[in-house]
Amino acid sequence: MQKDELKDFIDFIYEDNKVSNVELQFIRDVADEKIEALFKRLGENNNLSAFQKSMDVSVQLMQNAFFDIKKKEGSEEGKREVKEAFEFQIAYLIANYNRFFSLL
């Protein structure tokens, strides 16, 4: 992987400051290709496969939760609170990513 490949990829996706359904599918496809390359290089790995599948599940659950909450929450303060709660969950994932990959 080139040093700036991920940054360039993200910059391309967000160049119009929004992400379309087509772009989301493209991101997912590229992410799956990266995992498949690991399987080819390192062999099948049940934990890695489960992690890959859990990303799809997590995205679907996040979407479902978002739509459930959107029906109930209308105030700007409530929207900020919901966004913050989601951001903290994502920060938890990123912190674990940084922790584990510092050991690699």
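Among all residue pairs at least 6 apart or on different chains, which show Cβ distances below 8 Å where the first residue, located in the range 48-72, is open to solvent by 90 Å² or more (accessible area, probe 1.4 Å) and the second is part of a helix (DSSP H, G or I) and aromatic (Phe, Trp, Tyr)?
Filtered contacts from the range 48-72: PHE66/PHE86.
Hey, among the residues in the range 1-30 that are part of a helix (DSSP H, G or I) and of a type in the set (S, T, N, Q), which one's most open to solvent (accessible area, probe 1.4 Å)?
Applying the filter and picking the extreme gives ASN21.
The values are calculated or read from the model by the stated rules, or taken from the named source; none is laboratory data. Computed from a prediction, not measured in an experiment: that's the story for all the values here. Backbone-built Cβ (ideal geometry, glycine too); neighbour counts: all protein chains shown. Heads up: the accessible areas ignore ligands, DNA and RNA and are worked out on the full protein's heavy atoms, side chains in. Shrake-Rupley method; radii C 1.70, N 1.55, O 1.52, S 1.80 Å.
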